[in-house]
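Colleague: My questions will all concern the structure given below.
Any read-out appearing in this document is the output of simple, stated calculations on the displayed coordinates, not a laboratory observation. Predicted model, so just to flag it, every value in this text is computed and none were measured. With ideal geometry, Cβ positions are generated from the backbone for all residues, glycine too; neighbour counts draw on all protein chains shown.
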Amino acid sequence: MPDSLSKLLKGWWDLIILVSGLLAAFLGLYLPLRDFASGWGLSRCLSASPAGCAAKEFSGAGSVAIAILLLGSLLVLLAYTAYQAASPQGRSGRIRSRDAGRIEMLKRTFTQTVEATDLIASQFFLAAAGTRKEVRQFKQVWILGRNGDCRVKQTWTLAAQNGDLHFFETGIQGDDQTSPAGFPEEIALDITSGTPGMRVAWLLSRNEATEKDFVVFLLPAITAGGKDVRNIEVRYYWKGLMRRLALNRYDYFEYSIKSAAAIPSVEYQFRVAEGAGKLRCSIEGTLLGPDETLAALQDDGGEYWTYQVRNMPSDHPTKLKLEFV
């Protein structure tokens, strides 16, 4: 049925129901009063002249017909009310109220799970993991959009020292200009194993609007000794993560990596999405001498900046200035 015809029929149906309801209300008041008056008048008529009351008694059959009409109108009105209550529009209010309660319950459960993960990880495992996680290689590629949108891929190559490595913690940190993200799904967070036959799983340990931390579980654990090496890939797309860069046309990039030993190879690569502008990069932090290089290069994807360090000390604070020119 065409939408216009459906709407027209629905409008007429609502009108009929309204008229029936008004008629039912009117008759509901009129009939009792009339019957009372009629009954009172009939008793007086019978006492005075029984024969003269025959016509009036016959006209009472009309009251039966009207009563049937009244009953039918009330039944139709009740049926329509039930239909409205069962309709999507009628249910929507109840559903919204019920769903709001469920959403709040799910949020509380989610928050409790995140807090439990953080507590367990920090109290029992991460102190040991800091001395066991040996980073052999780390590479992070950024694609910067015009509104501060960031598409990021980072690759970890890990081994274990001083005991098996079951998991490690990493995260994403924005600033006061970052567009908020309530849940990992909003930033398309994806953590996978790049080593065939090995798996990973992860849990959030911090879920702030502009900051996410997560514990990555290695399945099975990386065995100590240096021969068991794993590749872990982390990808996400956070709209407005570097919004300050888009607004001010410059910003500072800071990052550090914990490792049980110096990291043989670290690279940060910055590319610009089409239409976002031209990027310039400079070193603002502590210089590391000949093991540190910063260069603008070109490939099929266009110009990009790469900052590379050999044998980077654990937890070294990298600081770069990114600027659109």
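Colleague: Kirkwood hydrodynamic radius (Cα pairs, Å) of the stretch 149-234?
Modeller: 14.0
Colleague: Next question, about the same structure. How long are the semi-axes of the ellipsoid equivalent to the stretch 237-307, from square roots of 5 times the Cα gyration tensor eigenvalues, in whole Å, largest first?
Modeller: In descending order, the three semi-axes are 24, 16, 13 Å.
Colleague: Also, I was wondering about something else. Provide the packing ranking of 189-197, 316-324, 232-240, i.e. peptides ordered by the mean count of other C-beta atoms within 10 Å per residue, highest first.
Modeller: So the order, starting with the most tightly packed, is 232-240, 316-324, 189-197.
Colleague: Multiply the residue separation of THR131 and ALA201 by 0.36 nm, subtract the distance between their alpha-carbon atoms, and state the gained length in nm to one decimal.
Modeller: Roughly 23.1 nm would be gained on extension.
Colleague: Here's a follow-up. Which FRET efficiency value, to the nearest 0.05, do you get for ASP291 and GLN112 by plugging their Cβ-Cβ distance into 1/(1 + (r/R0)^6) with R0 = 45 Å?
Modeller: 0.50
Colleague: For the pair ALA262 and ALA209, how long in nm is the line joining their label points, each one 7 Å along Cα→Cβ?
Modeller: 4.4
Colleague: 7 Å from Cα along Cα→Cβ at both ASN248 and ASP190: what's the point-to-point distance in nm?
Modeller: My value for the distance between the label points is 3.3 nm.
Colleague: Once the Cβ-Cβ distance between GLU323 and PHE183 is put in as r, and R0 is 22 Å, what FRET efficiency do you end up with, to the nearest 0.05?
Modeller: For GLU323 and PHE183, the calculated efficiency is 0.10.
Colleague: To continue, here is another question. Taking a threshold of 21 Å on the Cα-Cα distance, which of the pairs LYS153/LYS258; LYS133/LYS321; LYS107/LYS258 fall above it?
Modeller: Over 21 Å apart, Cα to Cα: LYS133/LYS321; LYS107/LYS258.
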